[in-house]
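Following: one structure in structure tokens, then a few remarks.
The values are calculated or read from the model by the stated rules, or taken from the named source; none is laboratory data. From a predicted model like this one, the values you see are computed outputs, not experimental measurements. In this analysis, Cβ positions are derived from the backbone assuming ideal geometry, glycine residues included, and neighbour counts consider all displayed protein chains.
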2 protein chains.
Amino acid sequence: MTSMTDVHPVPASSISGWDHEADVVIAGYGVAGAAAAVEAARAGADVLVAERTGSWGGAAAMAGGFIYLGGGTPLQKACGFEDSVDNMAAFLNVAMGPGADENRIADYCAGSVDHFDWLVDCGVPFKAEFWGEPGWEPPGDQGLMFTGGENAFPFNTIAKPAPRGHVPQMTDKRAGEASAGYMLMKPLVDTATSLGVRSVYDVRAVSLVVQSDGRVAGIIARQYGKRLAVRAHRGVVLACGSFAYNDAMVAQYAPRIAGRPAASIEQHDGQAIRMAQALGADLAHMDATEVAFLVDPQQTVRGILVNGRGQRYVPEDTYSGRIGQLTLYQQDDTAFLILDGDAQDEAMAATSATPLLKRQATWVCETVAELEREIGLPAGSLQATVNAYNDAAARGEDPLLHKKPEWVRPIGTPVGAIDLRGSTAGFTLGGLMTTLDSEVLHVGGEPIPGLYAAGRCTAGLAAWGYASGISLGDGSFYGRRAGRAAAKG
Amino acid sequence: MTSMTDVHPVPASSISGWDHEADVVIAGYGVAGAAAAVEAARAGADVLVAERTGSWGGAAAMAGGFIYLGGGTPLQKACGFEDSVDNMAAFLNVAMGPGADENRIADYCAGSVDHFDWLVDCGVPFKAEFWGEPGWEPPGDQGLMFTGGENAFPFNTIAKPAPRGHVPQMTDKRAGEASAGYMLMKPLVDTATSLGVRSVYDVRAVSLVVQSDGRVAGIIARQYGKRLAVRAHRGVVLACGSFAYNDAMVAQYAPRIAGRPAASIEQHDGQAIRMAQALGADLAHMDATEVAFLVDPQQTVRGILVNGRGQRYVPEDTYSGRIGQLTLYQQDDTAFLILDGDAQDEAMAATSATPLLKRQATWVCETVAELEREIGLPAGSLQATVNAYNDAAARGEDPLLHKKPEWVRPIGTPVGAIDLRGSTAGFTLGGLMTTLDSEVLHVGGEPIPGLYAAGRCTAGLAAWGYASGISLGDGSFYGRRAGRAAAKG
């Protein structure tokens, strides 16, 4: 019980003195922690945020900054898109599954417009401009994008397509200089600070302090090798991020993504999940992951993707994260992007926020038969696929996968292929089970008194599907709930 | 804390009197519990088994009875097959993954011949006869079969194919009358009884009793609505099976198999997992499942399986459980088996242990084009697949998936299809993390003192792959370890 990383709960009776005290103690100053801090302070609580790194921000500040919102936000309306709560829920119920929690999705969609207004009220800026090109992010300061394949098959047959990726505006975006995530975090932290929220840095939450009646009373933390006891008079909020950088947990729960964490930070070591597990907290969706597909969408959309059997398996104009998930989980992380010379030229010239993901062809050949041999695909497999694609493409159709006609064009020669085997990476989506008020659930089914959680240490909106903006979305949304609930105590 | 199903740990200090006492208390009298009982008793412990139903047996007694063993067992040798520890491990490391635990596999393979001898010594009978036809089980009392696709692609290129499904012999097997699983369980229970093992029935483990120093000291159980306290002087062994029948847990962890439990029993409600989680026990592989594919393998092998895009995806002569997994996880549970009239006639006449799984064609047509339309597959998709298959089959080859030449034959007319959408079912493979001595691990990384587990409430040999016989195999193997370790205390 004396190790500096020991996750075992510590009895409150064993604490001889508290190093810090507050009504609400929040572990982690990323988006979930910041949202919790604002709302707990507004509810009248004295709030202390303990952040492990030297500054606020977390993974959020480094992220593209998408917040998944809809149901008719002012930004959607200003850009000319119609949406409704039901339409948004219809999409998410399919796109976030299998295993998506319909109650949570309904709750999130119902509160989505209000949440947008709350962000704006906190000072988060959004520019009313839509970016409609394929891409991971807008290339400039545009505020709205499709981020989950809403306008691609099959989702465009399930719900009316509406873009829901809301991006905070940067005044001077240049690649590598800043991120929209920073423009989300800065106003939230400024708001928290103006409300009197205190913060301590280089303080890492290690374990929970528990009263004899089972109520969480604080945390044990570590600061520069020193052990701190932090008293929470009303509640503790865990907001420490995913377990993407905990190799053991990834091996136990999500081995397909092992060794390839992305879009997260090294501090995402799962400690919050384990601290709560040590108290009997329940988990969900532990094998689910966001999956990045490391090629520029301007290329993907102009070619056809085939698996190790030379077969197409996904409409190439859908959300790249969906392509990543289907490639990793259903195609053994094996994909080849087939592009003819014209398509490659066009893709290289197209505007993109991720020019570094534009890739040269691994192989270029005069015929598909030759390319098939070069790649090492089964004899005849790629030829049959390209023949079938080209036959239908000549009529502007894609009966196999329903890529939208605007992107359907026969593949000519010379024809190349980009080797996309092992070109996925991602972060984990599973974590603590919580109520809609962000109370952490015990395996016995009831909330653990005094313990709240939000963000990627919890199982949120996404189960096995994903859309960019879901993590900053549910992190901030349920972070607010956690802050309010913890302030009530 | 007063509910009859409350999983919260109960302090030993709160127990006013014990209803039962023993050195080693085992919850569950299936294969893991029986193996633990035998070994604990042989190690000199006074053993009590608390079984929830009215009799010993568990899922094991209802099962096909396969025990996955190899490395050169006397039965393998008597049937003329060579195998080695390394060869067996090479197969399992690939077939049980991704995420398979190589240390556990090495340990299991190294002890496999000894484990076979131990079973024989306990009185489990095996007939030295090999059954080589496609099938879920041998049709008679044959003792040895391939049960994991060892002789199919790609495994036949990774390790030398050796059958490892060891089946206890029934003296008079008739469909529905008895099972090989019974012939495994009866001798084990008889052995335990002869060693003085005591058992109580209709006693359901509900929660763990814990000393103030954290050591597990017994269980709280329920018998006909009465709460019992059962003292374990040396250790508690959890051997209560999977969570396949716990709808909430399946939704949290393995939603793809939701609503379709199979090859398990209703008592598999995950209670043992939750009892241990409430103490901070760690988990692994919670989304992994065995997957049955509900069609007779004599049919599958004679046709081609296509997904919802009309594409082949698996060699049809591999283990049916592998076909089930690939169908459920990689093809959205959508498969159609394409068979011509001759193949269907041959399959219907072929010997099988599962005649009830022989299915009539859902559609029969004169041409593949017509069949494609009837099924509702994308235009041209099935025709291209059958053309490519037939072209290569005329040369006795299957370059796409490497079905063995003996099963490769062009598809003629009339041609039919069996609708196999949603034709999967299965049980969960995830559960408690344990050491190789079957100690239950805390999320902090160390064993929970006094707590052991084996069988399908633990994460065993299989991660995301499976072979028939793995569950009775690791259940009995690590059940023995649990019994020995618990007896030492």
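Kindly check whether there is at least one residue in region B:302-310 that is touching a strand residue (DSSP E or B) at 6+ places or on another chain (Cβ under 9 Å), part of a strand (DSSP E or B) and of a type in the set (Lys, Arg).
So far as region B:302-310 goes, no, none of its residues is touching a strand residue (DSSP E or B) at 6+ places or on another chain (Cβ under 9 Å), part of a strand (DSSP E or B) and of a type in the set (Lys, Arg).
For region B:198-226, how many residues are under 19 Å from B:Asp269 (Cα atoms) and either hydrophobic (A, V, I, L, M, F, W, C) or over 26 Å from the mean Cα position of the chain (by Cα) (or both)?
Initially, region B:198-226 is screened for residues under 19 Å from B:Asp269 (Cα atoms), giving B:201-208, B:219-225.
Retained after the next criterion (residues that are either hydrophobic (A, V, I, L, M, F, W, C) or over 26 Å from the mean Cα position of the chain (by Cα) (or both)): B:203, B:205-206, B:208, B:219-225.
The qualifying residues number 11.
Answer yes if at least one residue in region A:419-436 is facing chain B (nearest Cβ under 10 Å) and of a type in the set (A, V, I, L, M), and no otherwise.
For region A:419-436, residues facing chain B (nearest Cβ under 10 Å) and of a type in the set (A, V, I, L, M): present.
Could you tell me which residue of region B:229-254 is farthest from the other protein chains (Cβ to nearest Cβ), considering only residues that are small (Gly, Ala, Ser) and free of Cβ contacts under 8 Å to residues at least 60 places away in the same chain?
B:Ala248
Got a number for residues in region A:286-301 being more than 7 Å from chain B (Cβ to nearest Cβ) and not in a strand (DSSP E or B)?
11
Given (1) within 26 Å of the chain's Cα centre (by Cα); (2) part of a loop (DSSP other than H, G, I, E, B); (3) within 30 Å of B:His115 (Cα to Cα), where does B:Gly475 come up short, assuming only one miss?
Every condition holds for B:Gly475 apart from (2).
Got at least one residue in region A:327-334 being more than 14 Å from chain B (Cβ to nearest Cβ) and in contact (Cβ under 8 Å) with a residue 24 or more places away in the chain?
No; the residues of region A:327-334 include none that is more than 14 Å from chain B (Cβ to nearest Cβ) and in contact (Cβ under 8 Å) with a residue 24 or more places away in the chain.
(1) surrounded by fewer than 24 Cβ atoms within 10 Å (Cβ to Cβ); (2) over 22 Å from A:Gln271 (Cα atoms); (3) out of contact with any strand residue (DSSP E or B) (no Cβ under 7 Å at 6 or more places or on another chain); (4) more than 14 Å from every other protein chain (Cβ to nearest Cβ): which one isn't true of A:Gly416, the others all being true?
(3)
Which condition number in (1) at pLDDT 95 or above; (2) under 29 Å from B:Glu446 (Cβ atoms); (3) within 26 Å of the chain's Cα centre (by Cα) is the one that B:Val250 fails?
(2)
Test B:Asn156 against the criterion of being within 14 Å of chain A (Cβ to nearest Cβ), outside any loop (DSSP other than H, G, I, E, B) and of a type outside the set (A, V, I, L, M), and give yes or no.
It is false that B:Asn156 is within 14 Å of chain A (Cβ to nearest Cβ), outside any loop (DSSP other than H, G, I, E, B) and of a type outside the set (A, V, I, L, M).
At least 2 residues that are within 26 Å of A:Leu195 (Cβ to Cβ) and modelled with pLDDT of 95 or more in each: list the helices (runs of 4 or more DSSP H) lying fully within region A:1-80 that qualify.
Fully inside region A:1-80 and qualifying: A:31-42, A:74-78.
Tell me which of these A:Asp391 doesn't satisfy, since it passes every other one: (1) touching a residue at least 24 places away in the same chain (Cβ under 8 Å); (2) within 12 Å of chain B (Cβ to nearest Cβ).
(1)
Hey, can you tell me all the residues within region B:317-326 that are away from chain A (no Cβ under 14 Å) and touching a strand residue (DSSP E or B) at 6+ places or on another chain (Cβ under 9 Å)?
Once the filter is applied, which keeps residues that are away from chain A (no Cβ under 14 Å) and touching a strand residue (DSSP E or B) at 6+ places or on another chain (Cβ under 9 Å), region B:317-326 yields B:Ser320, B:Gly321, B:Ile323, B:Gly324.
State all residues of region A:188-232 that are assigned to a helix (DSSP H, G or I) and surrounded by fewer than 19 Cβ atoms within 10 Å (Cβ to Cβ); if no residue qualifies, say none. Show your work before the answer.
In the first step, residues of region A:188-232 are kept if they are assigned to a helix (DSSP H, G or I); the result is A:188-194.
Within region A:188-232, A:Asp190, A:Thr193, A:Ser194 meet the criteria.
Tell me which residues, restricted to region A:432-471, are on the phi > 0 side of the Ramachandran plot and not in a loop (DSSP other than H, G, I, E, B).
Result: A:Gly450, A:Gly455.
For region B:335-343, state whether one or more residues are within 18 Å of B:Ala417 (Cα to Cα), within 14 Å of chain A (Cβ to nearest Cβ) and buried (at least 23 other Cβ atoms within 10 Å of the Cβ).
Kept after step one, since they are within 18 Å of B:Ala417 (Cα to Cα), are these residues of region B:335-343: B:335-343.
Imposing the further condition that a residue be within 14 Å of chain A (Cβ to nearest Cβ) reduces the set to B:335.
Retained after the next criterion (residues that are buried (at least 23 other Cβ atoms within 10 Å of the Cβ)): B:335.
Yes.
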